[in-house]
Structures are given as C-alpha cells and as structure tokens.
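The values are calculated or read from the model by the stated rules, or taken from the named source; none is laboratory data. Predicted, not measured: the structure shown is a model, and the values here were computed from it. No Cβ is skipped: glycine too gets one built from the backbone with ideal geometry, and neighbour counts run over all protein chains shown. Heavy atoms of the whole protein, side chains included, go into the accessibility calculation; ligands, DNA and RNA do not. Shrake-Rupley method; radii C 1.70, N 1.55, O 1.52, S 1.80 Å.
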Amino acid sequence: MTESQLPDWTNKKMGTKVRAALWLATEVGEGNVYTKDQLRAAFPEAAQVDRRVRELRDHGWVIDTNRDDVSLAQHEARFVQAGERLWEPGVRHMPSRYERSHPLAGLRQVEPERVIEMQGPDLYRVRQPQDPELVWERLKGLSQAERSLILAWIAMGQRPSSPVELAWRAYRSLPGKQRHEVAAKLGELVSSELYEELPVSETRGGER
C-alpha cells in the first residue's frame, strides 16, 4: 500500500473512520507509534475520533496500545497493520470481519445476563449495569481467597496485570520474525523442562 494509491485523508466528505484509516496509512505508517494528542490534533472537529480508530479493529486493522505492548506509554499506540480498505466503494458497507467471524456476533442483541449464562464471563464483557443483588450473589459464590482478591482490586481501583499477561504483551510487541524466534526458544525450554520431569528408568545403565 503506497501513499500515491490512497485518497486524501483530509477530505471531509468521507467519514471520520475512513479518514482515520487513511491518516494511519499515510501519516503514521505501519509499525510506527503515534500519540493520542497527534490523533486528536489531526481531527479537531471529531469528538469521538478515538472510538472511530478502535472500530477499525473490527475491519482487521491491528492497532496496539499499552495493554498489548508494554513498551508503549499510556498515551501512545502503534499502528501495526492495515486491514480492509474502507475508502474503496462498497467496502465500508460490507459486514466487518468481526461481524462475519466473531462467535458472539449474532448474540449482540441478547440480554447480557443470558449471554453470560450461555457463553461464560470470560467470553463476553458485560457493558450494561447489572442487578446489585445478582452481583452480590456472584461475589458470595466465590471462595474466600477469590473474594479477598476482588476486594484488593476494588481498593486499588483496577485489576493489575499478572506476570503471564505482561509477558504476553511483551511478546506481542515483537516483529513477526522475532516472535517466531522467541516462540521457538520457548518451545525448547518447555520441552527440556518436561523431559527433566520424566522418571529415570530404573534399569538404565544397570543402575537401580
């Protein structure tokens, strides 16, 4: 994708999401970091430009934040890869990749609590206020250790990332080739650890 092939992102006849996609492709470039201030300065008239950029992920655009890449600051994001060419005729009227492939896409209109019962809380984020009594019942259903953990998160005002989550985000920050290299090294490490845990044959070398 070269800049000469793309429409002018400043053309206000296009929607904000399309213009934001073009801005990323022409002004930022794949693999580069931009800040929220730079994005808002490019679209001063668009109050929800951050949301329009997030919606690009539904069309296959890969945009990492500090939740995906620990090397990024909270106000930064990395444009990793472009997705559907929304500026082309008809493309932005097609169902997004999310709508075509996401397993919960057909359940968006289902009442959230029913979705939780059908899919489990790890697969669906409840976006509507819940019944306080129901929330209390869920809390009571946890173990003492789990309730203590929830209470600590409430006190902190956030759920801190686990070492595994931080390691995953760090891995995601690597370019593709380096990801493969790290994945291979991790595979070797896990394999060697599993091999060391295997019981030694009692008859090996004549030893008991």
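Altogether, the Stokes-Einstein calculation at 10 °C and 1.306 mPa s, with the Kirkwood radius of the range 1-88 over Cα pairs as Rh, returns a diffusion coefficient of 122 µm²/s. The lysines whose alpha-carbon is closer than 18 Å to the alpha-carbon of LYS17, local same-chain residues fewer than 8 away aside, are LYS36.
Shown are ARG57, ARG179, whose ranking by accessible area with a 1.4 Å probe and every protein chain present, most to least, is ARG57, ARG179.
Note that the range 59-74 has calculated 3J(HN,Hα) couplings of 10, x, 7, 9, 10, 8, 10, 5, 6, 9, 9, 5, 7, 8, 7, 4 Hz, one per residue in order, obtained from phi through the Karplus relation 6.51 cos²θ - 1.76 cosθ + 1.60 (θ = phi - 60°); glycine and proline are x. At the residue level, LYS12 shows approximately 140 square angstrom of accessible surface with a 1.4 angstrom probe and all protein chains present. Summing charges over neighbours of GLY31, with a neighbour being any other residue whose Cβ is under 12 Å away from its Cβ, gives -2 when K and R count +1 and D and E count -1. Note on surface exposure: GLU196, GLU45 rank GLU196, GLU45 by accessible area, highest first, 1.4 Å probe. With the whole protein complex present, ASP58 retains an accessible surface near 50 Å², based on a 1.4 Å probe. Straight-line cross-link partners of LYS185 among the lysines, defined as a Cα under 18 Å from its Cα and at least 8 positions apart when in the same chain: LYS177. Between LEU194 and ARG54, the contour length at 0.36 nm per residue exceeds the alpha carbon distance by 46.3 nm.
Summary of packing: across the peptides 20-33, 147-160, the per-residue average of other C-beta atoms within 10 Å ranks them, highest first, as 20-33, 147-160.
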